[in-house]
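Structure first, then comments.
Only the coordinates and a few stated rules stand behind these numbers; no lab work does. This one's a predicted model, so the numbers in the text were calculated from it and none came from an experiment. Cβ atoms come from the backbone with ideal geometry, glycine included; neighbour counts cover every protein chain shown.
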Amino acid sequence: MLDDAQRIRATDRQRARQILDDVERDAASKTDPLLIARTQWLECRWTDSAAVAKLTGCHARALTLDGKTAAAEQEYGTVVKLARPLRDLALEAEASADIGTLQYDRGAMADALANLQTAYRIYGQLGNEKGRIDALSNIANVYADAQVGQYDRAVEYYRELLGDYEKYGQPSDVADTLFNIGSTFEAKGDLAAAELHYRRALTSFQQMGKASDVAYTKRSLGTTLMKQGRTSEALKLLDEAVVYFERAHDEWNTAMSRQHRGIAFRRLGRPNEALRDLDPARRFFERNNNTRFLERNAEETALVYAQLGDWRNAYDASVRRAALTQALAETRRDELSSRLRVAFDTEKKDQENRALARESALRAAALHEAERSRELQIVVSALIALLALAMAALFWRQVVNTRRMRSMAMTDELTRLPNRRHILAAAEIAFDAAKREHRTAAVIVLDIDGFKRINDMWGHPAGDVVLQSVARACRLELRGGDQIGRIGGEEFLVVLSAATAQQARDIAERLRSAVERLEFTSISPDLRVTISLGIHIATEYDAGVAIAAADSMLYRAKDRGRNRVEMEPTAS
Ligand code: GH3
Ligand code: MG
Ligand code: MG
């Protein structure tokens, strides 16, 4: 049934809505909570897309935390689709940034870039500086990634970021960015620029007393110096890095630093010391299956053994290296294709910008032409007026539609009372207010007695009439601030925003006697209808708990013979 409703909704909204209401009524009468929940979720999706978009975002975040990143990415995609027609720019930006980050993590660089740029643009539009800067930093990281290798662009973005951080950020953000610029220049092969930025980062980290960042920067600076052939200078820095990482029991960074130090020893003609670093580094990388570093390690080890004249071991290391090189070739091919794709996308964007510029120039020329013709001008004004009129009509219809949809979503069609969702929400609001103002709130749950028998004897339409009369009678009995809604087939919830136990009992008694006095001449002159009521005075201010408590009082009223009011004895 629900699937039917979903399917025909595109062509016949009214009918779909009807099916949904029927299913909901049926579910309520059978007290099938799962079906009730499903209909209410659908109802919510059809009428309140803002809430659905937000909820979907929360779900995506939960999936991310749960490590289900593929599903999370898809959910965020849904959020973007929902947020766009709602013009909820903040939500769209946030979801785009989150998708971009997930794609970056799994190496889908071109897609990551597109989404991060969307986030960056929208955050900028909204004046959300923190969001914009975060997106900027991620964009720069994508460009600087070895897989993408657009180092010039990366530096451009890091420089913009540096300016922002100097204005709004923490000194550690500034130092991190200097480091990133250094490593981008190193990757690009501009070693002088790399050294300059590493040294500036190093000074900042030292001033802040960030020991691990200091060690990390020293190692990077060391490798940069080695690439320039300044091995002795490098050795000193690498030594300091190794000492720090060993003391910190940071195995990964220790292995990396020792590998570099081993290379330095080899270059300085100290093969035995080189082996003392390269061997443990190799064992660590083997445990972690790091092909890239193992390949480098094998290459260096072969050279060290050659230095020692140990040709047997030099040969073994070379064989190892050849196998690793082959394994790496595969990965490098993947990287190349990803790099080409980003380059292609960037080129495409530039082309689009050029096309846009051309188009707007043409349009300006055309406008100039039109201005010269007065006749055309009049036609254009008339068209604009017509368009404005059409837009206004459309807008008005939209307003009316929205209003109707909202009231439909909140009202029970048969009794015209607030429906289950609406009255439960009203209960929450009333309870929150009562809690703030230190008043007692109360709920009454009431149910028509022997209603099935009325249906059976006089037919379903007669049952509907009884429901409507009972609803009307109850509503007329209530004071202005109190509310009643239909929560099930022939079950109603009354919310008293402020009431003592005695007042609640009086009101319940009034409802009971009002229903008892109802006449149904159109059905049968001697038809009498009664209701049973359960009251709960809220001291815990939890609407769910209160309704359940009132419900159990209702059952007591049914047990004790119906047509009566029951309340927890302690409360009265
Ligand atoms: P009790 O005194 O214990 O409450 O008995 P009851 O017969 O009132 O309770 P029961 O739950 O057995 O029956 C409720 C009936 O209400 C069953 C269902 O067919 C009927 N019902 C539910 N919704 C509607 C409706 O919208 N219109 C009509 N006419 N009947 C409805
Ligand atoms: Mg009943
Ligand atoms: Mg019932």
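About the Cα centre, and with charges only on the beta carbon of Lys, Arg (+1) and Asp, Glu (-1), how big is the dipole of segment 205-342? Nearest 20 debye, please. Display every interim value, and only then the final one.
Numbers: 25 positive and 19 negative charges, 60 e Å.
Value, rounded to 20: 280 debye.
Return the long-range amide H neighbours of Ala538 (sequence gap of 5 or more, or a different chain), with a cut-off of under 5 Å between placed amide H atoms.
The list, which skips near neighbours in sequence, is Ala441, Ala442, Val443.
With respect to the cross-link table entries Lys210/Lys236; Lys188/Lys236; Lys30/Lys452; Lys130/Lys167; Lys130/Lys218; Lys81/Lys130, which display a Cα-Cα separation exceeding 22 Å?
Details: Lys210/Lys236 19 Å; Lys188/Lys236 24 Å; Lys30/Lys452 12 Å; Lys130/Lys167 12 Å; Lys130/Lys218 30 Å; Lys81/Lys130 24 Å.
Pairs exceeding 22 Å: Lys188/Lys236; Lys130/Lys218; Lys81/Lys130.
Across bins of 10 angstrom width beginning at 0, how are the C-alpha pair distances of segment 420-567 distributed, in whole percent?
Calculated P(r), rounded to whole percents: 12, 43, 32, 11, 2.
Which value, in nm² and rounded to one decimal, describes the direction-averaged projected area of the C-alpha convex hull of segment 8-62?
Values: hull surface 17.5 nm².
Value for segment 8-62: 4.4 nm².
Please give the charge dipole size of the chain, origin at the Cα centre, charges +1 on K and R Cβ atoms and -1 on D and E Cβ atoms. Round to the nearest 20 debye. Provide the component values of the computation, followed by the final result.
Numbers: 83 positive and 83 negative charges, 106 e Å.
With Lys and Arg at +1 and Asp and Glu at -1, about 500 debye.
Restricting things to alpha carbons, find the Rg to Rh ratio for segment 143-184 using the Kirkwood radius for Rh.
Details: Rg = 10.3 Å, Rh = 10.3 Å.
Expressed as Rg/Rh, it is 1.00.
Identify the residues of segment 255-297 with backbone N under 19 Å of a label point that sits 7 angstrom from the Cα of Ala322 along the Cα-to-Cβ direction, or state none.
Only 294-297 fall inside the zone, counting backbone N under 19 Å.
What are the extents of the Cα atoms of the chain along their three principal axes, in Å, largest first?
117, 81, 45
Calculate the all-directions average of the projected area of segment 439-490's alpha-carbon convex hull, and give it in nm². Working shown, then result.
Working: hull surface 16.5 nm².
Dividing the Cα hull surface by four gives the mean projection, 4.1 nm².
Which three lengths, in whole Å and largest first, does segment 23-121 cover when its Cα atoms are put on their principal axes?
53, 29, 15
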